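Asks: Can you read through this structure? Questions will come right after.
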Amino acid sequence: MSTAFIGLDLAKSVFQVHGVDAQGKVVVTKRLRRDAMLAFFANLPVCVVGMEACAGSHFWAREIARLGHTVRLMAPQYVKPYVKRQKNDRADAEAICEAVQRPSMRFVAVKSEDQQSTLAIHRVRETLVAQKTQLINALRAHLAEFGIIAPQGAGKVTQLTAVVADLEDSRVPALARSVLQSLVDQLRDTERRVEDLDARLAEQAQADKVCQQLMTVPGIGPITATALTATVGDATVFESGRHLAAWLGLVPRQTSSGGKERLGGISKAGDGYLRRMLVNGARAVMRWQGKTSPWLAGLLKRRPFNVAAVALANKLARIAWAVMARGEEYRKPAMTTEPATA
């Protein structure tokens with residue numbers, strides 16, 4: 001077979017292949033079991049293999065690339081318009097094959113095992129932080145049933161845990177105390193696990209040169225720096241920092257038509273985890289350096305706090321791109337007209 005392009009629809013056990021030659025003629029349409037995947041591509045002439053960027057796609061991209069093929073990953077929303085009719089594996093594979101041939105198609109960089117391992121740490125940490133919040137909310141709710149409350153904030157939960165631990169506090173019945181103590185024990189164990197992951201990310205950031213350069217930017221710490229390097233990888237795939245900020249969804253959503261621009265809220269495209277990290281970092285910068293920056297102080301006078309936080313997060317993303325693409329540390333602006341925090 002003189003196959004030039006292959007569209008591969010990924011699944012758990014059964015995969016669909018759709019291949020065309022250089023003239024666009026269909027030369028292969030085949031279903032493959034998981035254990036036959038690599039053998040099929042090993043016997044196939046070198047070609048371009050397109051896949052949707054989904055669970056398992058980076059693994060298969062690395063394995064197929066080792067066989068000499070050129071692998072290109074695409075966001076599923078960019079492939080969907082090429083589905084002609086109905087939703088099935090054959091139609092999806094054909095759409096992928098068609099989309100991978102488009103000159104204007106945007107491709108996703110294949111992640112290495114190290115990048116995926118770092119992102120696994122972030123995902124596990126995110127899960128544990130969510131569980132920590134659930135445990136705190138459960139503890140607050142149960143104690144509120146007995147008229148015991150504490151101020152808002154995770155730092156004030158120690159007041160509630162002290163009530164549960166005090167056996168002489170008659171406000172909590174003994175039966176309820178024994179159950180709530182299990183919540184407290186689980187909360188402390190979850191906090192310890194989160195701290196261990198934070199320490200691991202901090203150690204990894206200190207050992208990575210790019211992370212060290214990113215941490216010179218105000219508002220970017222070890223967690224955000226490791227997430228950026230693992231998710232973005234090679235920053236030169238973006239033409240500029242504006243493209244990176246747009247990819248993260250830190251730009252207004254447009255509904256423009258007829259030459260009239262209509263801008264709404266942020267588009268929330270791309271990686272929501274990274275976007276949240278940058279916005280939280282921007283909030284920290286605004287809290288500690290908001291009054292010393294004329295640009296930021298003027299922005300806060302004109303716009304609400306949350307809008308200013310997103311604007312600063314957009315600037316942080318563009319600065320992060322410059323640091324990663326050029327391999328340089330952040331240089332604080334000398335002019336007072338530019339924000340010293342970003």
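Asks: Would you mind checking the pairs K12/K209; K291/K332; K209/K315 and listing those with alpha carbons more than 25 angstrom apart?
Replies: In this structure, K12/K209 lie more than 25 Å apart at Cα.
Asks: Now a separate question. Can you give the local net charge around Q116? Use residues other than it whose beta-carbon is closer than 11 angstrom to its beta-carbon, Lys and Arg +1, Asp and Glu -1.
Replies: Around Q116, the surrounding residues sum to +1.
Asks: In addition: Tell me the Kirkwood radius of the stretch 190-275: reciprocal of the mean inverse pair distance over distinct alpha-carbon atoms, in Å.
Replies: Final number for the Kirkwood radius of the stretch 190-275 is 14.9 Å.
Asks: Something else about it: As an exercise, use a Förster radius of 56 Å and the Cβ-Cβ distance of D35 and I149 to find the FRET efficiency, rounded to the nearest 0.05.
Replies: That gives a FRET efficiency of 0.45.
Asks: Using alpha carbons only, how many degrees (0 to 90, rounded to 10) separate the axis of helix 174-207 from the longest principal axis of the chain?
Replies: Once rounded, one gets 50 degrees.
Asks: Now a separate question. Among the trypsin sites (Lys or Arg not before Pro) in the stretch 156-251, which ones are in a DSSP loop with at most 16 other Cβ atoms within 10 Å of the Cβ? Mind listing them?
Replies: For trypsin sites (Lys or Arg not before Pro) across the stretch 156-251 that sit outside H, G, I, E and B with at most 16 neighbouring Cβ atoms in 10 Å, the list reads R171.
Asks: Now for a separate question. Based only on Cα atoms, what Rg/Rh ratio does the stretch 202-342 have, Rh being taken as Kirkwood's radius?
Replies: 0.98
Asks: Which of the lysines could a cross-linker bridge to K25, judged by Cα under 20 Å and excluding same-chain residues fewer than eight apart?
Replies: The qualifying lysines are K84.
Asks: Here are labelled values, (1) 80, 59, 46; (2) 58, 53, 42; (3) 72, 46, 43, and one is the computed Cα extents along the principal axes in Å for what I pasted. Which one?
Replies: Computing Cα extents along the principal axes in Å and matching it to (1) 80, 59, 46; (2) 58, 53, 42; (3) 72, 46, 43 gives (1).
Asks: What does the charge count near G153 come to, summing +1 for each Lys or Arg and -1 for each Asp or Glu among other residues with Cβ under 14 Å from its Cβ?
Replies: +3
Asks: Return the FRET efficiency for the residue pair T216, D185: r is the Cβ-Cβ distance, R0 is 41 Å, and the value is rounded to the nearest 0.05.
Replies: For R0 = 41 Å, the calculated efficiency reads 0.55.
Asks: Per q in 0.13, 0.21 1/Å, what log10 I(q)/I(0) does a Debye calculation on the alpha-carbon atoms of the stretch 59-179 return?
Replies: -0.70, -1.18
Asks: Place +1 on the Cβ of every Lys and Arg and -1 on the Cβ of every Asp and Glu in the chain, take the dipole about the Cα centre, and give the residue among T161, G68, S240 whose Cα lies farthest towards its positive end.
Replies: Looking along the dipole axis, the top candidate is S240.
Asks: In nanometres, what is the gap between the two model label sites at R102 and E239, each 7 Å from Cα along Cα-to-Cβ?
Replies: Between R102 and E239, the simple spin-label model gives 1.6 nm.
Asks: Over the Cα atoms of the stretch 44-100, compute the convex hull volume and normalise it per residue, giving Å³.
Replies: It is 79 Å³ per residue.
Asks: In addition: To the nearest 20 Debye, how big is the dipole of the chain about its Cα centre, given +1 on the beta carbon of each Lys and Arg and -1 on that of each Asp and Glu?
Replies: Charge dipole, the chain, about its Cα centre: 1280 debye, nearest 20.
Asks: If I model a spin label as a point 7 Å beyond the Cα along the Cα-Cβ vector, how far apart are those points for E203 and S13 in nm?
Replies: About 4.0 nm separates the two model spin labels.
Asks: I'd like the orientation of helix 305-326 relative to the chain: the angle between its Cα long axis and the longest Cα principal axis, in ° from 0 to 90, rounded to 10.
Replies: 50
Every number in this text was worked out from the coordinates using simple rules, so none of it is lab data. From a predicted model like this one, the values you see are computed outputs, not experimental measurements. Cβ: placed from backbone, ideal geometry, glycine included. Neighbour counts: every protein chain shown.
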